[in-house]
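Novice: Dropping a structure here in structure tokens format, bear with me for questions.
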Amino acid sequence: MFYYSRNMEILNASRSLAALGHASRLAIFRQLVEAGHGGRMAGELAQALSMPGATLSFHLKELVAAGLILGEARGRYVNYRADFSAMNELIAFLTRNCCAGDAQGCGTAAPARPPRRAAAAKARSQR
């Protein structure tokens with residue numbers, strides 16, 4: 001049972017990571033994460049990302065198939081939202097036993113990165 005369960009975890013994580021491995025799908029997913037639990041309508045996503053509807057639809061279908069987002073019909077339109085439990089499960093899978101189980105020595109949270117302009121200006125001022 002353990003072997004089967006572990007293989008399923010790896011397959012699910014692989015499918016999720018493969019879906020996020022495409023720049024357009026990653027951008028869509030980030031938009032939905034930023035939108036929170038309310039999600040965004042497909043038309044709003046298309047406009048925000050300057051993406052044709054058919055292309056957006058294809059990528060949304062892939063993200064739904066990977067289990068990373070959910071779509072909910074609202075009349076003639078579909079509202080999409082990130083599946084935060086799936087996202088957190090993926091993060092937990094990736095960080096499980098990180099740093100030989102030393103959670104305190106492992107920086108699992110991404111550090112804040114200064115905007116590129118600010119970083120470039122700081123580098124110039126230090127010269």
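Novice: Looking only at residues that are among the polar types (S, T, N, Q) and at pLDDT below 90 in the stretch 60-99, which one is nearest to residue 30 (Cα to Cα)?
Specialist: Among those that are among the polar types (S, T, N, Q) and at pLDDT below 90, it is 95.
Novice: Taking the condition out of contact with any strand residue (DSSP E or B) (no Cβ under 7 Å at 6 or more places or on another chain) and in contact (Cβ under 8 Å) with a residue 24 or more places away in the chain, does residue 25 pass? Give the steps one after another, and end with the answer.
Specialist: Values: out of contact with any strand residue (DSSP E or B) (no Cβ under 7 Å at 6 or more places or on another chain): yes; in contact (Cβ under 8 Å) with a residue 24 or more places away in the chain: yes.
Judged against the criteria, residue 25 is a match.
Novice: Of everything in the stretch 37-67 that's in contact (Cβ under 8 Å) with a residue 40 or more places away in the chain and among the small types (Gly, Ala, Ser), which residue is nearest to residue 79 (Cα to Cα)?
Specialist: 39
The values are calculated or read from the model by the stated rules, or taken from the named source; none is laboratory data. Here the structure is a predicted model, which is why all the values come from computation and not from measurement. Every residue, glycine as well, gets a Cβ built from its backbone with ideal geometry; the counts of neighbours run over all protein chains shown.
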